[in-house]
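To keep things clear, I will list the structure first and then write my remarks on it.
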Amino acid sequence: MVFPILPLYGRDFCSVVAAKPFLTLADQALIDSSVLSVDEIKKFVDEFGSRIKFISVLLKDSFAFDDEKIVDLLNNGISTLFIDQQDYADHLCQDVGIPVERLTVLRDSAYKNKFSIKTDFRLGDIIPAEQITVDSFSEAVISSVKTDREDKLYTTLVVDTNERCLGLVYSSAASVKVAIEKGAGVYYSRSRNEIWEKGLTSGNTQKLISIKLDCDGDALKFVVDPCGKTSDFCHLDTVSCFGEFNHGLVELEKLLKDRLNNAPEGSYTRRLFSDPELLTAKVKEEAEELTEAKTKSELAWEAADLFYFAMTKLVANGVSLADVEQNLQKKHLKVTRRKGDAKPKFMNEKKEAEATKTPEDQSNEQIFLNVLSSEDTAGVKKALSRPIQKTSEIMNLVNPIVENVKSKGDKALIEYTAKFDGVNLTSPVLNAPFPEEYFEGLTDEMKESLDLSIENVRKFHAAQMQTEVLGVETQPGVLCSRFPRPIEKVGLYIPGGTAILPSTALMLGVPAQVANCKEIIFASPPRKSDGKVSPEVVYVAAKVGASKIVLAGGAQAVAAMAYGTESVPKVDKILGPGNQFVTAAKMYVQNDTQALCSIDMPAGPSEVLVICDEQADVDFVASDLLSQAEHGVDSQVILLGVNISEEKIKQVQNAVHEQALKLPRVEIVRKCIAHSAIINCKDHKEAFEISNEYAPEHLILQIANAQDYVKLVDNAGSIFVGAYTPESCGDYSSGTNHTLPTYGYAKQYSGVNITTFQKFITSQIVTPEGLKNIGNAVMCVAKVEGLDGHRNAVKIRMNKLGLLPQGFE
Ligand SMILES: NC(=O)c1ccc[n+]([C@@H]2O[C@H](COP(=O)([O-])OP(=O)(O)OC[C@H]3O[C@@H](n4cnc5c(N)ncnc54)[C@H](O)[C@@H]3O)[C@@H](O)[C@H]2O)c1
Ligand SMILES: N[C@H](CO)Cc1c[nH]c[nH+]1
Ligand SMILES: [Zn+2]
């Protein structure tokens, strides 16, 4: 409950408060905008903002101030606006952008307030300040608080101005009135059976700052400022009845205030107080160290140092923690925010530091994963959001490319290849049999490795072929069957922007060949150096019987295969991973009925999620994270620890750093790691819940008895089980397919498999016996749908078979 009286202040507010200081005990004020200007209202805030926390403005009509002035008030310490008309409140909320909780609107004879504590101010609760007396003020408190004690005393919690509990006492109706009258900590002593003014004999008096009522009005809270000889509240000479306060910023402030006057000559604190230059230098030094801290403990350590020196500077200059908090509160109340840019000086400092870094400095800079706990749900959500460009932005880039290739064919394809890949082609297509010169540089070892990988992928995918027709007799005489047929023409996209990927060529080409697709076309961006594609890709193309290699990448290659050009045949389905341009173009053509072309799935930037426990080998964990981090700057790698120690996290970080520095693609890794994370989870269950929600392309389990946990996986492209199953095996040679759904699409898509290259046809045979069994059902449902033609096709047959009763209509 808020205080039951809301004083309404007019023009002479200063003299009213001077005459009735008890008014500020309500800790709330309403200012009448019909008699005060914005500047006068701001003056009220300056004057009383440190004593009254909730200051509102009453706007009886919408013409009092324009929108700009309203925002100005809310930016300068006004908590809420009391408004009479709902449509004016709607305007301020919807058009001006004022948060709804900052508007207290009149409805059913009460102002409904949602700020701080939800409450209704009835019209009778709002009283002109000059009319309020100690009696009416006290009466309002007493009549709002209840007690079920026999002695009719009210439970009263006493706290200091920092809301720290000093003790529990009791008040009577009379003691409340005296407290209000004197503005002091006055209670009722049960042992002496009389009103008790705290500190009257000991000298430890208290200034009463405000009076609050709890949510259901059965307890009072006195906020007091100890102002006597000592700040002890308890009869045992301790600051509170629960002992001393001996930690926290408030205590640090107290200590520093004491040291300001009493620090011994030669002590460090004395030096700090008497040498402002040293103090300023220390504040700067600690601020910089805080910006450089990375781990939780380093951050806490550096922040504590900075607070210490910052507080010393405040105390040296007579600024209190309360002043800082009041300032914070004022900023918190602002409805328009500053842009938040740093001063150019600091930005330039950073740039200058970057510029003066030697290549050695840069390449040795710590590669560091952001670490967070699973309890930080907002942080986890942010960490798990993939670093992807907005679909609309990427679509704006891709749409014209696709449309141009669609309308201008080879000409556009050649132009885009020159623009994006820096290669000038005369023909965008290489036809099989591929010329010998395209195989140049291929070693025997490479051929053997590709052959081994091709064979394993072939074995695993051939085993997926449905060889028998699936047939089911659903009723006697009703035989339903289903069988696959290969998709006739497939276009396989082999990425080639940042790395050549012959492995992707075989992951797509082999199952296409196993599925017996009639025409297999490859598309891959040509190399800048010689305008060719790598011999390894050509080797795989030849092995899987590809008829053509389109020498183009990105959206233009996808468009060429979807619509066809003078030299590129139109295909029925486009498969394969690629960057965001490739994925966006695939999505585009799939939705264009003119293309009549399907796609496999949105397979974008590679990603991995590793789940590890305390026993996991940190070198293995780091190597798995890095193997996907090196794919591209838009890749993401996530480590979920199952309740792992800080020490383990540190070891993983070190291993990541050390291994990464040795990788040729370290700069790509660095950028990928910047949006990757380590999340420490409570237990296995939570780790798998997070993983299922993320739906990673690759899931690696480096936990004890990993195989037992596979049953907990609901969403993932492919799983790598146990310490000796690196994801690289699946990328190249084990047999599973590496073209997998990314972006979380593992929730609804499977990775490439044999059925990706097939469609399924169903077939049925219904005999006269079968017609007898299902004919009536068909006719009945067709009738309700009003489709008599359907009904008739059955009726005519059943009639000839003599299966219909006489006179059947
Ligand atoms: N999910 C999977 O199964 C899987 C498998 C292998 C690779 N991948 C991913 O495939 C991606 C390959 O990306 P890549 O960039 O190396 O090769 P890519 O072949 O997909 O893209 C290169 C092409 O992008 C086009 N392009 C580049 N910049 C452009 C721009 N500004 N505007 C328009 N087009 C532009 C160019 O035409 C270029 O040929 C990586 O992200 C990798 O992680 C995923
Ligand atoms: N990891 C990638 C799939 O996301 C595939 C790949 C190809 N080469 C190496 N890796
Ligand atoms: Zn990979």
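Could you tell me the relative contact order of the chain? Use alpha-carbon pairs under 8 Å, at least six residues apart, and round to a whole percent.
For the chain, the relative contact order is 9 percent.
Might you work out the accessible area of V100 for me, using a 1.4 Å probe with all protein chains in place, and round it to the nearest 10 Å²?
Counting only protein heavy atoms, the figure is 70 Å².
Compute the distance from the alpha-carbon center of region 510-555 to that of region 447-501, in whole Å.
Each part reduced to its Cα centre gives a spacing of 18 Å.
Suppose every K and R has +1 on its Cβ and every D and E has -1 on its Cβ; what is the size of the dipole of region 651-690 about the Cα centre, in Debye to the nearest 20?
For region 651-690, the charge dipole is close to 200 debye.
Using modelled backbone amide H atoms (1.01 Å from N, in-plane), which distant-in-sequence or interchain residues come within less than 5 Å of S373's amide H?
Here the answer is N680, since their amide H atoms fall under 5 Å of that of S373.
So if we plug the beta-carbon distance of N799 and E468 into 1/(1 + (r/R0)^6) with R0 = 45 Å, what FRET efficiency do we get, rounded to 0.05?
That pair, N799 with E468, gives E of 0.75.
Among F808, I414, I487, whose Cα sits farthest toward the positive end of the charge dipole of the chain (+1 at Cβ of Lys/Arg, -1 at Cβ of Asp/Glu, about the Cα centre)?
The residue sitting farthest along the positive end of the dipole is F808.
Over the heavy atoms of Y749, what accessible area does a 1.4 Å probe trace out, to the nearest 10 Å²?
80
Only Cα pairs under 8 Å and at least 6 apart count here; give the relative contact order of region 218-273 as a rounded whole percent. The partial results should precede the final answer.
Details: 22 pairs, mean separation 7.5, N = 56.
After rounding, I find 13 percent.
Of the DSSP beta bridges with both residues in the chain, give the percent that are antiparallel, rounding to the nearest 5.
On the way: 43 of 101 bridges.
Of the beta bridges lying entirely in the chain, close to 45 percent run antiparallel.
Hey, got the dipole for region 6-131? About the Cα centre, +1 on K and R Cβ, -1 on D and E Cβ, debye to the nearest 20? Intermediate results must be reported in sequence, preceding the final value.
Working: 14 positive and 21 negative charges, 110 e Å.
Charge dipole, region 6-131, about its Cα centre: 520 debye, nearest 20.
Out of F48, P128, V589, whose Cα points farthest toward the positive end of the dipole of the chain (charges: +1 Lys, Arg; -1 Asp, Glu; placed on Cβ)?
V589
So between M446 and K570, what do we pick up on full extension, going 0.36 nm a residue minus the alpha carbon distance? Can you show the working numbers first?
On the way: separation 124, 0.36 × 124 = 44.64 nm, distance 3.23 nm.
Going from the current span to full extension adds 41.4 nm.
Taking every DSSP beta bridge that has both residues in region 6-131, what percent is antiparallel when rounded to the nearest 5?
Roughly 30 percent of the beta bridges in region 6-131 run antiparallel, per DSSP.
Counting only protein chains, not ligands or nucleic acids, how are M465, M311 ordered by accessible area (probe 1.4 Å), most first?
M465, M311
So, counting K/R as plus one and D/E as minus one, what does the shell of residues with Cβ under 15 Å around E769 add up to?
+2
What nm value, rounded to one decimal, do you get for the distance between D39 and T230 when each label is placed 7 Å out toward the C-beta?
Spacing of the two 7 Å Cα→Cβ label points: 5.1 nm.
Got a sec? What order do D214, D410 fall in by accessible area at 1.4 Å, biggest, i.e. largest, first?
In descending accessible area the options line up as D214, D410.
Of A263, L501, T238, whose Cα points farthest to the positive end of the dipole of the chain (charges on the beta-carbon: +1 Lys, Arg; -1 Asp, Glu; origin at the Cα centre)?
L501
What is the ratio of the Cα radius of gyration of the chain to 2.2 N^0.38 Å, where N is its residue count, to two decimals?
The reported ratio for this selection is 1.37.
Find the centroid of the Cα atoms in region 19-46 and in region 581-602, then give the distance between the two in whole Å.
64
Taking only DSSP H segments of four or more residues, each worth -39500 (n - 2.57), what value at 222 nm results for the chain once the sum is divided by all its residues, to the nearest 500 deg cm²/dmol?
Computed ellipticity for the chain at 222 nm equals -12500 deg cm²/dmol.
Ignoring everything but the protein chains, give the 1.4 Å probe accessible area of I388 in square angstrom, nearest 10.
Spelled out: I388, probe radius 1.4 Å, area about 90 Å².
Which value results when the Cα radius of gyration for region 249-333 is divided by 2.2 N^0.38 Å?
Working: Rg = 13.8 Å, N = 85, 2.2 N^0.38 = 11.9 Å.
For region 249-333, the normalised Cα radius of gyration comes out at 1.16.
Placing +1 at every Lys and Arg Cβ and -1 at every Asp and Glu Cβ, with all other atoms neutral, what dipole size does the chain have around its Cα centre, in debye to the nearest 20?
The dipole magnitude comes to about 1900 debye.
Using a cut-off of under 16 Å, list every residue of region 187-221 whose amide N is near the label point 7 Å from the Cα of T161 along the Cα-to-beta-carbon line.
Of the residues in region 187-221, 205-211 have backbone N under 16 Å from the label point off T161.
Distance between the C-alpha centers of region 786-805 and region 241-313? Whole Å please.
For region 786-805 versus region 241-313, the Cα centre distance is 94 Å.
Listed here are the pairs K489/K532; K543/K573; K284/K671; K43/K330; which of them are more than 18 Å apart at the Cα?
K489/K532; K543/K573; K284/K671
Between beta-carbons, use under 15 Å as the cut-off and find the net charge around E686, counting Lys and Arg +1, Asp and Glu -1.
-4
Under a point spin-label approximation (7 Å from Cα along Cα-to-Cβ), what is the T238-K408 distance to one decimal in nm?
Distance between label points: 8.4 nm.
Considering only protein heavy atoms, what per residue accessible area in square angstrom results for the chain with a 1.4 angstrom probe?
Heavy-atom accessible area per residue stands at 51 Å².
As an exercise, use a Förster radius of 45 Å and the Cβ-Cβ distance of L663 and F307 to find the FRET efficiency, rounded to the nearest 0.05.
The computed FRET efficiency comes out at 0.70.
With axes computed from alpha carbons, what is the tilt in degrees of helix 554-563 against the longest principal axis of the chain, rounded to the nearest 10 within 0 to 90?
50
So which GluC sites (Glu not before Pro) in region 39-127 end up in coil per DSSP with only 15 or fewer other C-beta atoms within 10 Å?
none
If we count every other residue with Cβ under 10 angstrom of D225's Cβ, Lys/Arg +1 and Asp/Glu -1, where does the sum land?
With Lys, Arg at +1 and Asp, Glu at -1, the neighbours total 0.
Over region 607-732, what relative contact order in percent results from Cα pairs under 8 Å that are six or more residues apart?
32 percent.
Using Cα atoms only, what is the angle between the long axis of helix 444-462 and the major principal axis of the chain, expressed in degrees (0 to 90) to the nearest 10?
Taking the Cα atoms of the chain, the angle to 444-462 is about 90 degrees.
Ranked from the most accessible area to the least, with a 1.4 Å probe and all protein chains present, what is the order of F115, F242?
Highest to lowest solvent-accessible surface, that is F242, F115.
For the chain, take the longest principal axis of its alpha carbons; what is the angle in degrees between that and the long axis of helix 788-800, to the nearest 10 within 0 to 90?
The angle comes out near 40 degrees.
Would you please put 156-165, 504-513, 293-302 in order of how densely packed they are, using the mean number of other Cβ atoms within 10 angstrom per residue and starting with the highest?
504-513, 156-165, 293-302
Per-residue counts of other Cβ atoms within 10 Å, averaged by peptide: what ranking do you get for 194-203, 547-556, 29-38, highest first? Walk me through the numbers before you get to the answer.
On the way: 194-203: 15.4, 547-556: 26.9, 29-38: 18.9.
Taking the mean over residues of other Cβ atoms within 10 Å, the ranking is 547-556, 29-38, 194-203.
Please compute the volume of the convex hull spanned by the alpha-carbon atoms of region 656-795 and report it per residue in Å³.
246
The values are calculated or read from the model by the stated rules, or taken from the named source; none is laboratory data. From a predicted model like this one, the values you see are computed outputs, not experimental measurements. A quick note on method: Cβ atoms are made from the backbone with ideal geometry, for glycine too, and the neighbour counts reach across all protein chains shown. The area values use the complete protein model at the heavy-atom level, side chains included, leaving out ligands, DNA and RNA. Shrake-Rupley method; radii C 1.70, N 1.55, O 1.52, S 1.80 Å.
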